[in-house]
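Each remark here refers to the structure printed beneath this line.
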Amino acid sequence: MTGLLPIGFEFAAELTYPVNEGLTSGLLNASCQIFGIIFITSGSHMISVFDVKYCNTFFTCLIALGLGLLGETTSFESLKKFRKMSFPLTYRKTIIA
């Protein structure tokens, strides 16, 4: 799972293009910590009330939902703007005296 972190940060930076990358990655880290705490407490509660099998099924369904959302196609505004830009080749003459 750690190998997906750079991909997730780059994906989040592309989705929130005009916004600074530092803000995007900070919010992404904060939401990961909050959801981690929620999943740990809800998982321990589910194990104490129900069975481990139900907890595993619940988290497996969440992983399947996350993989489905990962495959969702989006349009990257920064890539569209980059393709529209023109890059003229200009040279400056430097005179060395």
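Table for the structure above
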quantity: Search result, residues across the stretch 50-64 that are of a type in the set (A, V, I, L, M, F, W, C) and over 16 Å from residue 38 (Cβ atoms); calculated: 50, 52, 64
quantity: Pairs with Cβ under 8 Å, 6+ apart, first in the stretch 28-41 and more than 16 Å from residue 62 (Cα to Cα), second assigned to a helix (DSSP H, G or I) and of a type in the set (Phe, Trp, Tyr); calculated: 28/9
quantity: First in the stretch 1-19 and over 14 Å from residue 32 (Cβ atoms) and in contact (Cβ under 8 Å) with a residue 12 or more places away in the chain, second anywhere and surrounded by 10 or more Cβ atoms within 10 Å (Cβ to Cβ) and not polar (S, T, N, Q), Cβ under 7 Å, 6 or more apart; calculated: 13/21; 14/76; 17/77
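Coordinate-derived values only; no laboratory data. Treat the numbers as computed from the prediction; the structure is a model and nothing was measured. Don't worry about glycine lacking a Cβ; one is built from the backbone with ideal geometry, like all the others, and counts go over all protein chains shown.
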